[in-house]
Amino acid sequence: ELFQAIWREGRPVAVENLLGRLNLPWDPAHWQNQPIQDDIQIIDCCTGLIQPPPLPQMTPFAKMLRQTHQVIPKIKDWPPNADFKDVFPDHFADFMQALPFPEYTLRDGQLNLVSRLPGCFIPPELGPKMYIAYASSDQPGSKGTTNLHLDMADAINLMVYSPPVDDPTGPDAPPAAAVWDIFPFEDLPKIRNFLRNRAQRLNISFDDPIHDQSIYLHTGLLAQLFEEEGVRPWRVLQNPGDAVFVPAGCAHQVCNYANCIKVAMDFVSPENISRCYQLTTEFRLLKHRHLRKPDLLQLQSILYHAWLDSEVV
């Protein structure tokens, strides 16, 4: 009931201490032994550029461990072109049974409206997917780990690994393994206005400053955003075993203070269905071939079959 009360208000939720629910290893030592996929991409967080493909004998983790710190490598959406359930069935089951609020988060959860699609439909790709990245910084001049963006569906992101800190109480110890900046849905126009004004001063062009996923707001820019637009995000600290729930339509960004492995999955809750519909309309207005243009959520089909189910009930 507490989760639903917060969720109805469009606010993010953090659930701690879930690591004990996981029964399988999720650390780099385990994943180094997994076979590499030809289409995997390693991205440099500093530049956004794709790094040279790993050698055939090197797994993504081995590749990352041999990188210098001149780049901050990350791997997102792993496995890229396959269902996690098919590639890693045991870890899929381990992840799913560890999730809180299964009525929302499971594929067949009663409050996950995607579950209303009949079996003859090819379901939308909502994960889970793994996200692997080195430590970065949120200080001025830094690029963080994941640029500002928003998703059409609700999301849960569970950190399954980060190395222990030698001295967690030391002066140089980070406050957490990662930090999330999550903005209220209602502040999207102000955020866009701030980013467009800044782009104009720097002679940068956008199709959409949020959907383009090309900007990370470091602490200096966050301060300017508050000063100019009165917008301040929810700052959510995440450590191993912590799950972060992000409502559909809330712009958000992430900075890993430490090397992290996370697993994320999307779902569609009744509370945020109106936002999903509004975002579907937004995406249709983007330029042709924009990376966010296709409606991969199949929202109209989900709504139609949810309505049919309600009629039966």
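The values are calculated or read from the model by the stated rules, or taken from the named source; none is laboratory data. What you see is a predicted model; the values in this text were computed from it and never measured. Every residue, glycine as well, gets a Cβ built from its backbone with ideal geometry; the counts of neighbours run over all protein chains shown.
Being at pLDDT 95 or above and within 24 Å of Arg21 (Cβ to Cβ) narrows it down to one of Gln253, Gln224, Gln238, so name that one.
Gln238
Quick test for you: out of Val165, Val160, pick the one residue that is on the phi < 0 side of the Ramachandran plot, among the aliphatic types (A, V, I, L, M), surrounded by 15 or more Cβ atoms within 10 Å (Cβ to Cβ) and part of a loop (DSSP other than H, G, I, E, B).
Just a single option satisfies the conditions, and that option is Val165.
Just to verify a result, which residue in the stretch 119-138, among those that are of a type in the set (Phe, Trp, Tyr) and part of a loop (DSSP other than H, G, I, E, B), is surrounded by the most Cβ atoms within 10 Å (Cβ to Cβ)?
Within the stretch 119-138, the match that is surrounded by the most Cβ atoms within 10 Å (Cβ to Cβ) is Tyr134.
If I filter the stretch 141-154 for residues that are surrounded by 18 or more Cβ atoms within 10 Å (Cβ to Cβ), at negative phi and of a type in the set (Asp, Glu), do I get at least one hit?
The answer is yes; a qualifying residue exists.
What residue, among those in the stretch 42-86 that are surrounded by 16 or more Cβ atoms within 10 Å (Cβ to Cβ) and assigned to a loop (DSSP other than H, G, I, E, B), is modelled with the highest pLDDT?
Applying the filter and picking the extreme gives Pro79.
Hey, can you tell me all the residues within the stretch 10-35 that are at pLDDT below 80 and more than 27 Å from Pro164 (Cβ to Cβ)?
Selection gives Pro35 alone.
Within the stretch 186-199, does at least one residue satisfy the condition of being touching a residue at least 60 places away in the same chain (Cβ under 8 Å), part of a helix (DSSP H, G or I) and among the β-branched types (Val, Ile, Thr)?
yes
Return the pairs, sorted by first residue and then second, in which the second residue is outside any strand (DSSP E or B) and at pLDDT 90 or above, the first residue lies in the stretch 68-88 and is over 18 Å from Gly127 (Cα atoms), the beta carbons are less than 6 Å apart, and the residues are 6+ apart or on different chains.
Ile72/Tyr134; Ile72/Ser136; Pro73/Tyr134
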